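No value in this document is a laboratory result; all are computed from the given coordinates. The structure displayed is predicted, hence computed values, not measured ones. Don't worry about glycine lacking a Cβ; one is built from the backbone with ideal geometry, like all the others, and counts go over all protein chains shown.
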Amino acid sequence: MLLGPILITIVLEISLLAQSTAIPSQSVQKWDPNACAIVVCGPAQNGLPGRDGRDGKEGPKGEMGTQGIQGLKGSQGPPGKMGPAGPGGEKGSQGEKGLKGDIGSRGLQGVPGLKGDPGKVGLSGPKGDKGSPGEKGIKGERGLPGTTGLQGQPGNAGSPGPKGDKGSVGEKGGKGDKGDRGLQGSSGLQGPKGQIGSPGLKGDKGSIGEKGTKGDSGLTEVNLLKRQVSVLEGQLKALESSFSKYKKVIVFPNGRIVGEKIFMTSGYEGNFDALKQKCLQAGGQLASPRNAAENAAVQQIVTSYNKAVFLGINDIQTEGQFKYLNGQNIAYSNWQTGEPNNDNGVEDCVEVYSSGKWNDKACGERRLILCEF
Ligand code: MAN
Ligand code: CA
């Protein structure tokens, strides 16, 4: 930048000007009007004219002048640094709804439908016209021989002799020629109209139809879908409420619902293996409460039937390590004080008392079934 050198030059020039024009501050401060006014000068020939010696005391300071005209506005300074970004503005209001879109192009014409079923049997038709005469028939067979002819004329008178005997009957003549065929008979009446035949083969696919009129805009489709979704939501809610009601009906009075789980008994009693099998067959498994709420539901059934149930928990595999039927270690238990004690070393199954407390018990004992689904 050249500003530095330029500034230095300006300052230097101003200070030199001040030195050459200003009255030294020392001489102003020590000015005394009573002091000698004689000034010793150089030869008159070359000197400057002297002062007239009338210099009076310095007058009082004048009144303050009126304010000067305002100076010209300085040039605009360089822009400051950019400030930090302000907080984000509020979200604008939603724009107006857009215009309805153009109607879409019409779809292709569908394939022609299948040919319809055959019609009912029609009424019998009118009597047909009389047929044309038939061809001339073939010549008939020769006829039977004719009857014996009449007796001949008496012979001429012979010489007178004795009268002769009467002659014998002559031989039968030959069969005559067959006669000409007769004219063809007139045509018979027309028969009844037949049944309508079976339907023909399916027709060929029709040609593509004309381009349809422009369809509704997509916006309308979206609105239609929204309406359908809203209707479906309503139906779903109704179904949920109805389903919840039916679940209650089904578990009354032999079951309990806890969250997603349903405990249910059929009243059957048997040993652990039999109970386990029954629950599996029903699509569930022996009750395996995994928290206090589920255990409370099991307790309610036990109390209601006044019969202890076996749980889907045992330590058959490893003594003292109680596991669910899937082999996992139990995550919740509600043992009666002093249990499990593996009494007589034969207690690998778990029963629930009406208090809700658990006791290990021999698996061969019979208990009330309680399955969970
Ligand atoms: C008592 C307790 C139980 C045990 C049963 C067996 O109630 O010792 O721990 O399981 O007897 O009948
Ligand atoms: Ca026990």
Residues (more than 10 Å from ligand 1 (Cβ to nearest atom) and in a helix (DSSP H, G or I)) located in the stretch 339-365: 345
Residue check for residue 271: touching a Ser or Thr at 6+ places or on another chain (Cβ under 7 Å), within 30 Å of residue 367 (Cβ to Cβ) and surrounded by 12 or more Cβ atoms within 10 Å (Cβ to Cβ): no
Residue within the stretch 317-336 that is part of a helix (DSSP H, G or I) and either more than 13 Å from ligand 1 (Cβ to nearest atom) or in contact (Cβ under 8 Å) with a residue 40 or more places away in the chain (or both) present: no
Residue list for the stretch 266-288, restricted to those being of a type in the set (S, T, N, Q) and out of contact with any strand residue (DSSP E or B) (no Cβ under 6 Å at 6 or more places or on another chain): 266, 271, 277, 281
Odd one out for residue 257 among (1) under 14 Å from residue 368 (Cβ atoms); (2) part of a strand (DSSP E or B): (1)
The stretch 320-360, subset over 18 Å from residue 263 (Cα atoms) and in contact with a helix residue (DSSP H, G or I) (Cβ under 8 Å, 6 or more places away or on another chain), residue farthest from ligand 2 (Cβ to nearest atom): 349
Given (1) away from ligand 1 (no atom under 16 Å from the Cβ); (2) free of Cβ contacts under 8 Å to residues at least 40 places away in the same chain; (3) not in a helix (DSSP H, G or I), number of the condition residue 288 does not satisfy: (2)
